[in-house]
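The values are calculated or read from the model by the stated rules, or taken from the named source; none is laboratory data. Because the structure is a prediction, the values reported are computed rather than measured. Backbone-built Cβ (ideal geometry, glycine too); neighbour counts: all protein chains shown. Protein only, heavy atoms only, side chains kept; ligands, DNA and RNA dropped before computing areas. Shrake-Rupley method; radii C 1.70, N 1.55, O 1.52, S 1.80 Å.
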Amino acid sequence: MSGPKDNPEIKEYTGPSGGYGSLAGVAKILGRENVPDALVTLGHQNKPDGYMCVSCAWAKPAEPQPFEYCENGAKATAWEITRKRTDQKFFETHTMAELSGWLDHDLEAAGRLTMPMRWDPATDKYVPVSWESAFEEIGRELRALGNDPDQSIFYASGRASLEASYMFQLFARLYGTNNLPDSSNMCHESTSVALPESIGVSVGTVTLQDFETSDLMIYLGHNIATNAPRMLHQFQDAKNRGATIVSINPLRERGLERFKNPQSPKEMLTGKETQISDTILQVAVGGDIAALTGICKAVIAMDDAAHREGEAGPTDREALLAKTDDDGGFSIKAAAAAAQSRRVLDHDFIAEHTQGFESFADYCRVADWDEIEQVSQLSRADLETLAQHYAEAEKVMLIYGMGITQHVHGTETVQMMINLLLLRGNIGKSGAGICPVRGHSNVQGQRTVGITEKPELAPLDKLKELYNFEPPRHEGYTTVTGCEAMIEGKVKGFVALGGNFIRAAPDIPRVEAAWRKLRLTVGIATKLNRSHVLHGEVAYLLPCLGRIEIDEQASGPQAVSIESSLAQFHGSKGRVKPASPDLLSEPAIIAGIARATLPENPKVPWQAWTDDYSKVRKAIEETWPSTFAGLDEHMFRPGGIERPVAARQRKWNTRSGKANFLLPTQMFAGTPENYRGEDILQLTTVRSNDQFNTTIYGYHDRFRGVNGTRMVVFMNEADIAARGLAGDEMVDMTTAMDDGHERVVRGFRIVPYDIPKGSCAAYFPEATPLVPLGHHDLHAHTPAYKAVPVRVTASTRERERAE
C-alpha cells in the first residue's frame with residue numbers, strides 16, 4: 001500500500017494552479033489506477049451527452065471546453081473506474097479488526113467492491129451473500145425496528161442521482177421516519193436555512209451566464225483550485241474582459257493567486273499566467289461577519305455623505321409627476337432620479353423590494369471599527385477600499401464555500417453577504433447574485449427531491465396523494481442530532497446511501513464508539529471505507545454501480561439526472577463496463593430493500609422504477625410539477641434545465657413578501673466565550689489538493705508544499721514563537737472547550753504558513769476529532785469545523801518516544 005512518508009517533505013510550491021502540475025497529477029493517478037481508455041472516458045466527462053463528474057457539483061456548460069474536467073475531477077474518475085478490486089479473496093485475507101487500523105487512503109485504494117457481503121462475527125470478516133438473502137435479512141432487521149421507525153437513520157452522501165434519492169426518501173417515509181440527514185447537513189445547511197429567510201429561496205441565484213457580465217466578484221471562504229477547479233475557467237474569462245476579483249480567505253490559496261490554463265497551448269508553452277485575484281484579504285478564522293460589517297458600514301457611510309449633499313435618496317415619483325406635464329419630460333427626470341437613487345445605495349430597490357433596511361443601517365452605523373479590525377484582522381483602509389469598489393460596480397456577485405457556512409454563526413454570515421448584495425440591488429439581475437459553491441456532485445439535488453429531515457421542506461401531502469400512505473409529520477434527525485441519538489442509544493439502525501459517515505461527522509471517537517453499538521449498519525457503496533470496517537451487530541456491504549459505469553436494466557441502458565451547484569438539472573450516462581457483473585444500481589438496491597421491508601403497496605412501482613428510470617423521473621415531475629417540468633425530455637439539453645429560482649426574477653417567497661435585511665448577533669462567527677482565552681488559536685479544517693471530502697487520493701498537497709503526510713498544522717510564525725515552538729516540531733492539539741469530554745489529536749507537524757495571527761489550519765478529517773458535536777451552527781445545526789478553539793502544545797508522543 002502507498003502511504004505517508006517517514007520523512008515528509010515540506011517545501012514551498014512556486015508554480016501556478018493548473019499548468020504542468022495539474023497534468024502531472026492527472027497522469028500519475030491514471031497510471032497508478034491502471035485506468036483503461038482513460039482519455040476516451042474523460043472526453044465524455046461533463047459534456048452535454050456524457051456523464052456528470054462524481055466529484056464537485058459545478059455545472060455542465062452549454063459550450064464545454066475540449067477537456068471539460070479538472071485535475072481533481074480526473075482523480076475522482078480514475079478512483080471510480082480503477083482496475084483494482086476488493087474481491088472475495090481480499091475479504092478472506094483481512095479481518096475487520098485488522099482493517100480498522102488501516103488509513104482512509106489505503107481502504108479505498110484497495111479497489112472496487114465486487115459482491116454483496118455480510119459481516120460474520122465468528123471470523124470477523126465480510127463473507128459473500130446473495131442479493132436476495134441480503135435484502136431479506138436487512139428487511140427483517142428493519143421490520144424488527146419498525147415499532148419505532150425513528151430508531152433507524154437513512155443517510156445520503158450527496159452523489160446519488162435524483163432518481164435514487166427520490167426512491168430513498170420515499171422508502172424512509174413509507175417506513176415511517178423523516179430521519180433523512182445527508183451530507184448537506186455537514187456543509188451548506190447554513191445556506192439552506194439562511195437564504196430562505198433572506199430572499200425566499202434555498203439555493204443560489206447565479207447562472208453560468210452571469211459570470212460573463214459581472215463587474216466585481218467577491219470570493220469568500222473557498223479554495224477554488226482544490227474544491228471547484230473548473231470555475232477557474234469562468235474566472236480567467238472574467239479577468240480577460242476586465243472584471244475585478246477580490247478574495248477574502250484566511251489562507252492565500254494558489255488558485256486565488258495564479259492560474260495557467262492546461263488547455264491553452266500558448267500558456268503552456270510560454271510563461272503566461274492569469275492573475276486571478278486583484279486583492280486577497282486574509283481574514284482571521286471566524287472573522288467574516290466582522291469583515292462584511294465593515295464593508296457594509298463603509299458603503300452606508302458613503303451613501304450618508306452623498307445624502308447630506310443632496311446626491312442620494314429614493315425616487316419621489318409623486319414629486320416628479322407634479323413637476324412634469326408630459327410623458328417625455330417625466331421619463332427624462334425619472335431616469336435622472338433613478339441614477340441619483342443609485343448613487344451609492346440603490347434606494348429604489350431597497351424601498352420596493354426589501355424590509356429591515358433602517359435597522360440594518362443603524363447596526364452598521366454604530367458598529368465599532370476597532371472591534372471590526374480586531375475580529376477580522378483586516379484594516380479599516382482595506383475594507384473601505386473594497387467598499388469603494390463595490391459602490392462603483394454595476395453588477396456584483398458573491399461566491400462562497402464551506403469556509404463561510406461551517407461556523408457556529410454560519411447562517412448569520414451568509415445573511416450578511418445577502419445584506420451586502422441588497423444594498424445595491426445585486427440580486428435578480430444579470431451578472432449579479434449569490435453563488436454558494438456546493439461540494440458533492442448532487443448534494444443540492446438530493447434536497448430538491450426530498451432528502452431532508454424537515455417535514456416542511458418535503459411535499460408530504462403530495463406524497464400522501466400519490467402513494468396512499470400517511471407520511472410522518474415530525475422532524476427527523478440531522479447529522480448532529482442523529483449522532484447525539486446514537487450516543488444516547490436511541491438509534492439502532494443506519495442505512496447509508498454512499499459516503500463515509502463516521503469520518504465526516506464531528507466528535508469522531510464518540511461517534512465511532514456509538515456506531516459499534518448499533519444493531520444494523522448497511523453501506524451502499526462503490527469502495528470500502530472506515531464506516532464499513534467499523535460496524536454494527538449486523539452489517540451488510542452492498543456494492544453498487546458507479547455513475548460512470550453502464551447501467552443496463554430491463555428496458556435497456558439507463559441515464560440518471562443530477563442538479564448542479566447553479567441549480568441546473570443535467571443528464572448523465574455511464575460509459576464504461578461495470579467493475580463486476582454482481583453489482584446492482586443504487587435504484588435497484590433501494591427498491592430491493594424497500595420491497596423486503598415494507599408491506600406491498602400497489603401505488604409504489606418499485607420494480608417498474610428499477611426497470612426504467614424514466615418512470616422515476618415522471619414521478620419526480622408529478623411530485624414537483626413546476627420545478628421538474630420536462631426533466632425526462634430535456635435533461636441532456638446543452639446547458640441543462642434551469643431550475644425555477646424566484647429570487648432571480650425579484651420574487652421574494654418570504655413571510656414578509658420582500659427580501660429581508662437581517663442583523664447578526666455578534667461580530668465573531670465562532671463561540672465568543674472561547675475567543676480570547678489564553679493561548680487559544682481558532683482552527684479551520686481544510687482539504688488537500690489530493691483529496692475530495694473524506695476520500696484521500698494521496699499525500700501530496702502540491703499547492704501548500706506538503707508531500708508525504710497529512711498530519712500537519714499550518715501556523716503563523718508569531719504564534720509558533722509565542723508558544724516556544726518551532727517549525728517542523730511535532731505538536732498536539734487540544735480543544736479549548738469544557739463540556740466534560742477531552743478532545744485531543746497528537747503528532748501533528750508544524751508548518752509555518754501565511755495565515756493570520758491567532759488562526760491555524762489542519763486537514764479534514766484528521767482534525768475533526770477536535771470538533772464537539774455541540775459546536776454547530778445555532779440555526780442550521782451544521783457542524784462548525786471552522787473557528788474551533790484549540791491549544792497547541794509540544795507533542796507528548798514525541799516526549800514519550802524520546803524517553
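Observations on the model:
- Amide H partners (placed H, <5 Å) of residue 686, local residues excluded: 762, 763, 764
- Heavy-atom surface analysis with a 1.4 Å probe gives the range 70-126 a carbon and sulfur content of 52 percent of its accessible area.
- Cα centroid of the range 647-676 to Cα centroid of the range 147-180, whole Å: 30
- When nucleic acids and ligands are ignored and a 1.4 Å probe is applied, residue 115 ends up with an accessible area of around 40 Å².
- Loop-located GluC sites (Glu not before Pro) in the range 1-76 (DSSP state other than H, G, I, E, B) with a sparse environment of at most 13 neighbouring Cβ atoms within 10 Å: 12.
- Phi to ³J(HN,Hα) by Karplus 6.51 cos²θ - 1.76 cosθ + 1.60 over the range 129-142, Hz, x for Gly, Pro: 9, 6, 4, 4, 5, 4, 4, 4, 6, 5, x, 5, 5, 5
- The range 584-607 and the range 78-98 have their alpha-carbon centroids 28 Å apart.
- Under the simplified labelling scheme, the residue 144-residue 63 pair shows an inter-label distance of 6.1 nm, with each label point 7 Å from Cα along Cα→Cβ.
- Applying 0.36 nm per residue to the separation of residue 40 and residue 266 and subtracting their alpha-carbon distance, the gain on full extension is 79.0 nm.
- Packing-based order for 784-793, 427-436, using average beta carbon neighbours within 10 Å, highest first: 784-793, 427-436
- A 1.4 Å probe over all protein chains sorts 487, 680 by accessible area into 487, 680, starting with the largest.
- If you take the Cα centroid of the range 501-556 and the Cα centroid of the range 743-803, the two points sit 27 Å apart.
- The chain - share of DSSP beta bridges that are antiparallel (%, nearest 5): 45
- Dividing the summed -39500 (n - 2.57) terms of all DSSP H runs of n ≥ 4 by the residue count of the chain sets its mean residue ellipticity at 222 nm at -10000 deg cm²/dmol.
- Using a probe of 1.4 Å, the accessible surface attributed to residue 363 totals some 40 Å² when neighbouring protein chains are kept in position.
- Local net charge near residue 575, Cβ-Cβ under 11 Å (Lys/Arg +1, Asp/Glu -1): 0
- Summed side-chain charge close to residue 134 - residues other than residue 134 whose Cβ falls under 12 Å, Lys, Arg +1, Asp, Glu -1: -3
- Taken per residue, the accessible surface of the range 674-803 reaches 35 Å², heavy atoms only and a 1.4 Å probe.
- Aspartates and glutamates whose Cα lies under 20 Å from that of residue 260, excluding same-chain neighbours fewer than 8 positions away: 12, 68, 71, 212, 237, 273, 278, 690, 701
- Most to least accessible of 125, 75 (protein chains only, probe 1.4 Å): 125, 75
- Residue 32 contributes about 80 Å² of solvent-accessible surface, heavy atoms of the protein only, 1.4 Å probe.
- Angle between the chain longest axis and helix 189-199 axis [Cα atoms, degrees, rounded to 10]: 30
- When 719, 124, 278 are compared by accessible surface with a 1.4 Å probe, the order from highest to lowest is 278, 124, 719.
- Under the Karplus curve 6.51 cos²θ - 1.76 cosθ + 1.60, θ = phi - 60°, whole-Hz ³J(HN,Hα) for the range 499-512, x wherever Gly or Pro sits: x, 9, 4, 6, 8, 8, 6, x, 6, 3, x, 5, 5, 4
- Calculated accessible area for the range 472-570 comes out at 26 Å² per residue, all protein chains present (probe 1.4 Å; ligands, DNA, RNA ignored).
- Under 13 Å from residue 454, Cα to Cα: aspartates and glutamates that are on another chain or at least 8 residues apart: 182, 189, 475
- Highest mean first, the peptides 757-763, 683-689 sorted by other C-beta atoms within 10 Å per residue fall in the order 683-689, 757-763.
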